[in-house]
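Undergrad: First the structure, which I've put down as structure tokens, then a few questions once you've had a look.
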Amino acid sequence: MPTCNLCDKGTKIGRNRSHAQNRTARTFKANIQKVTINLGEEKISGSFCSKCLKRLRKEVSEQKTALV
């Protein structure tokens, strides 16, 4: 199963509950994406969750504005 390379977030297991209180198994899947991000001259590639991607892209944009 895919997991995030930074925070190790992955698939969690839980249960559905109906009005009749029946239990059935279900999975909560994280939004994992395979991405390559350019940090100046180096490239970071891997599988990241959407929250980590947002944080990485913010750091990249802050570095670019700091250089200007």
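What follows is calculated from the coordinates using simple rules that are stated; it is not laboratory data. Because the structure is a prediction, the values reported are computed rather than measured. FYI the Cβ positions are ideal-geometry reconstructions off the backbone, even for glycines, and counts take in every protein chain you see.
Undergrad: Using the Karplus curve 6.51 cos²θ - 1.76 cosθ + 1.60 with θ = phi - 60°, work out ³J(HN,Hα) for each residue of segment 38-43 in order, rounded to whole Hz, and write x for Gly and Pro.
TA: 8, 10, x, 8, 9, 10
Undergrad: Relative contact order for the chain: what is it in percent, counting Cα pairs under 8 Å that are at least 6 residues apart?
TA: This gives 27 percent for the chain.
Undergrad: For the chain, what does -39500 (n - 2.57) per DSSP helix run (n ≥ 4), summed and divided by total residues, give at 222 nm, in deg cm²/dmol to the nearest 500?
TA: Calculated from helices alone, the mean residue ellipticity at 222 nm is -9000 deg cm²/dmol.
Undergrad: Please list, in order along segment 16-32, the HN-Hα scalar couplings obtained from phi with the Karplus expression 6.51 cos²θ - 1.76 cosθ + 1.60 (θ = phi - 60°), rounded to whole Hz, x for Gly and Pro.
TA: 8, 10, 8, 5, 7, 6, 6, 10, 9, 6, 8, 10, 10, 9, 6, 7, 9
Undergrad: Where Lys and Arg each count +1 and Asp and Glu each count -1, what net charge lies around I13 among other residues with Cβ under 11 Å from its Cβ?
TA: +4
Undergrad: For K9, list long-range residues whose amide hydrogen, built 1.01 Å from N in the peptide plane, is under 5 Å from its own amide hydrogen.
TA: Result for K9 returns C4.
Undergrad: If the chain between R15 and E62 were fully stretched, how many nm would it gain, using 0.36 nm times the residue separation less the Cα-Cα distance?
TA: Residue separation times 0.36 nm, minus the Cα-Cα distance, leaves 12.8 nm.
Undergrad: Let me ask you something else. Tell me whether segment 12-67 comes out rounded, prolate or oblate; compute the Cα gyration tensor, take square roots of the eigenvalues as a ≥ b ≥ c, and use a/c under 1.5 as the rounded threshold.
TA: prolate
Undergrad: Can I ask one more? Tell me which lysines have Cα within less than 20 Å of K54's Cα, excluding those fewer than 8 residues away on the same chain?
TA: Qualifying lysines at Cα under 20 Å: K9, K29, K34, K43, K64.
Undergrad: State the extension gain, in nm to one decimal, for the chain segment bounded by K51 and N31, taking 0.36 nm per residue of separation less the distance between their alpha-carbons.
TA: 6.3 nm
Undergrad: To continue, here is another question. About the Cα centre, and with charges only on the beta carbon of Lys, Arg (+1) and Asp, Glu (-1), how big is the dipole of the chain? Nearest 20 debye, please.
TA: That gives the chain a dipole magnitude of about 600 debye.
Undergrad: Could you work out the local net charge near R57, counting Lys and Arg as +1, Asp and Glu as -1, over the other residues with Cβ closer than 12 Å to its Cβ?
TA: Charge balance near R57 sits at +3.
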